[in-house]
Amino acid sequence: MSCAEDGHAYLRQATREITMADALNTGLSAKQRSDIAAALNKVLADSYALYLKTHGYHWNVRGPNFQSLHVLLEGQYTEEWTALDAIAERIRALGELAPQGYAAFGNLSSIKDGNPENDWEAMLKELLADNETVIRTLRDSFPVADDAGDEATADLFTQRLQAHEKHAWMLRSTLGGK
Ligand SMILES: [Fe+2]
């Protein structure tokens, strides 16, 4: 098959996919679904970056409270890991493709990689700030779903807000704050 024929086959396939996605009859317009998916993409990327950093700090944290910090971070990264699938699958349920791969997440997320050389306090302060970043991303994303009447996504955003506010509280308290 020539390149031109390949190109035509690709275009036909892409057109078919676009037509199928447009044909979703769930009460949300294609524009609403695409705007909500864009908000979910950002939430997914920030959540993935935070998950990766929390797991890395679970490995590398050091200090007299090693055991309790190691266990605290394990609880948080496990909860975060489980949520990633629900966020990505919500994007798919809206008829959009979920981003995948380090480069895609790196481009979408504002959360920086952690540094294994940090001491335990710097690690926890960073994770606290990063949880707060995810919380702000969620808060900015909520109206996109809520205004469109997408209760399922709004519910997911609410659950994620609750989880990250709890993580932030635990990190803050471990650091001695309120
Ligand atoms: Fe572990």
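No value in this document is a laboratory result; all are computed from the given coordinates. None of these values were measured; they are calculated from a predicted model. Every residue, glycine among them, receives a Cβ derived from its backbone with ideal geometry; neighbour counts consider all protein chains shown.
Would you check which residues across the range 105-121 are crowded, with 17+ Cβ neighbours inside 10 Å and in a loop (DSSP other than H, G, I, E, B) and list them?
S109, I111, G114
Are there any pairs with C-beta distances below 9 angstrom linking a residue in the range 125-145 that is under 10 Å from L50 (Cβ atoms) to a residue that is surrounded by fewer than 19 Cβ atoms within 10 Å (Cβ to Cβ) and acidic (D, E), with the two at least 6 apart or on different chains, and if so which?
So the pair list comes out as N131/E165.
For the range 49-70, does any single residue satisfy the condition of being away from the ligand (no atom under 16 Å from the Cβ), closer than 20 Å to K112 by Cβ and in contact with an Asp or Glu (Cβ under 8 Å, 6 or more places away or on another chain)?
Checked the range 49-70: at least one residue is away from the ligand (no atom under 16 Å from the Cβ), closer than 20 Å to K112 by Cβ and in contact with an Asp or Glu (Cβ under 8 Å, 6 or more places away or on another chain).
For G101, are the conditions met, namely being surrounded by 17 or more Cβ atoms within 10 Å (Cβ to Cβ), at positive phi and away from the ligand (no atom under 14 Å from the Cβ)?
Spelling it out, it is not the case that G101 is surrounded by 17 or more Cβ atoms within 10 Å (Cβ to Cβ), at positive phi and away from the ligand (no atom under 14 Å from the Cβ).
Away from the ligand (no atom under 12 Å from the Cβ) and in a helix (DSSP H, G or I), is that true of L84?
yes
Could you tell me whether the range 65-78 includes any residue that is of a type in the set (G, A, S) and part of a loop (DSSP other than H, G, I, E, B)?
Within the range 65-78, none of the residues are of a type in the set (G, A, S) and part of a loop (DSSP other than H, G, I, E, B).
Residues checked against (1) touching a helix residue (DSSP H, G or I) at 6+ places or on another chain (Cβ under 6 Å); (2) over 19 Å from K166 (Cβ atoms); (3) of a type in the set (A, V, I, L, M, F, W, C):
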{"site": "G27", "(1), (2), (3)": "no, yes, no"}
{"site": "K31", "(1), (2), (3)": "no, yes, no"}
{"site": "Q67", "(1), (2), (3)": "no, yes, no"}
{"site": "G75", "(1), (2), (3)": "no, no, no"}
{"site": "I87", "(1), (2), (3)": "yes, no, yes"}
